[in-house]
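We did not get these values from a lab; they are worked out from the coordinates using the rules stated. Not measured: the values here are computed from a predicted model. Note: ideal-geometry Cβ built from the backbone for every residue, glycine included; neighbour counts use all protein chains shown.
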Amino acid sequence: MDMGLNGKVALVTGAARGIGLAIATQLAEEGCLVAVCDLDLEAAEAACRTLAERGSTAIAVSADVSSRASVAAAVARIRAELGPIGILVNNAGFSQDAPLEEMTEEQWDRVVDVCLKGSWLCTQAVVADMKSLGEGRIINIASRAHLGENNKTNYCAAKAGVLGLTSALSIELGKYGITVNSVAPGLIRTERVLGLRYYEDIDRRAKLSTPIQKSGESSDVAAAVVYLASSAAAFVSGDTLYVTGGRYSST
Ligand SMILES: NC(=O)c1ccc[n+]([C@@H]2O[C@H](COP(=O)([O-])OP(=O)(O)OC[C@H]3O[C@@H](n4cnc5c(N)ncnc54)[C@H](O)[C@@H]3O)[C@@H](O)[C@H]2O)c1
């Protein structure tokens, strides 16, 4: 099936590894010109070399999505090298857990700044391109954790905020042909997750409460993003696509 993505310029944040890399890879396979944007430029460059070996066009761009100046510089470079940005995937994010009374203000601010404010800043930076194209796709990587998880007040609040941001943007930008959606993954077996000290325990608990009885892969999330970026999803906006193996409750 032609997804209508050939030649489109896609900016994927946090794309040097994990879910972001899988998203960048699948969009590139569909013919997108991809900007692999990450704090870690070396890893982003390595990812682009692999994509280039497979015949795709990809550029590595360093940016901290929580900094307006950094995002502006990255977007200016992408625009100059690849053209106006038609697809934005706000994927960069991380968690820093602590019980409520031990969580520092810095931990709260950093997680909210990257997961929530970063998505807002990147959207602000690219929206003029999408308006000039007369169409656009914004896909925000939220998390099933917006339902609540232990010791993650910062992360859960930020991801719940991403859903609110998605709804508000879809209302504001729909008239320009821009759709805005979220993808909310459950537990996904990225290298980072596999390296967690308590991985076996969370994996066991996740499987017990997941109807499909397994954890997800980065490619599962990427497939959902490709769908939302494609022409097949032209009438889908303001929505959340859960990629959780059927696990919705907060257990
Ligand atoms: N892995 C999971 O189980 C899971 C589940 C639900 C949601 N998510 C979400 O999916 C997204 C990707 O997660 P992942 O597991 O692939 O993480 P990951 O740690 O494997 O990759 C995240 C990437 O983002 C980059 N990054 C971090 N802060 C950045 C910043 N300020 N600016 C630019 N880049 C930055 C990192 O350098 C890294 O390359 C995150 O938003 C995460 O919250 C992950």
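Summary of values
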| read-out | value |
| --- | --- |
| Subset of the range 144-181 [of a type in the set (Ser, Thr, Tyr) and either within 9 Å of the ligand (Cβ to nearest atom) or farther than 11 Å from SER237 by Cβ (or both)] | THR153, TYR155, TYR176 |
| Residue in the range 206-216 that is outside any loop (DSSP other than H, G, I, E, B) and in contact (Cβ under 8 Å) with a residue 24 or more places away in the chain present | yes |
| Filtered residues of the range 26-52 (kept if surrounded by fewer than 23 Cβ atoms within 10 Å (Cβ to Cβ), within 13 Å of the ligand (Cβ to nearest atom) and either acidic (Asp, Glu) or under 16 Å from the mean Cα position of the chain (by Cα) (or both)) | LEU39, ASP40, GLU42, GLU45 |
| Count of residues meeting criterion [under 23 Å from the mean Cα position of the chain (by Cα) and either closer than 15 Å to ILE23 by Cβ or of a type in the set (A, V, I, L, M, F, W, C) (or both)] in the range 193-211 | 5 |
| Count - residues of the range 55-74 that are β-branched (Val, Ile, Thr) and buried (at least 22 other Cβ atoms within 10 Å of the Cβ) | 3 |
| Failed criterion for TYR248 (all others in (1) in a helix (DSSP H, G or I); (2) of a type in the set (Ser, Thr, Tyr); (3) within 22 Å of ASP97 (Cβ to Cβ) hold) | (1) |
| Some residue of the range 220-239 being within 13 Å of the ligand (Cβ to nearest atom) and over 16 Å from the mean Cα position of the chain (by Cα) | no |
| Tabulated pairs, the range 182-197, first under 11 Å from GLU217 (Cβ atoms) and in contact (Cβ under 8 Å) with a residue 24 or more places away in the chain, second assigned to a strand (DSSP E or B) and more than 6 Å from the ligand (Cβ to nearest atom), C-beta under 6 angstrom, 6+ apart or interchain | PRO185/VAL243; ILE188/GLY216 |
| Top-ranked residue of the range 53-77 - restricted to ones that are among the hydroxyl-bearing types (Ser, Thr, Tyr) and within 21 Å of ALA229 (Cα to Cα), ranked as nearest to the ligand (Cβ to nearest atom) | SER56 |
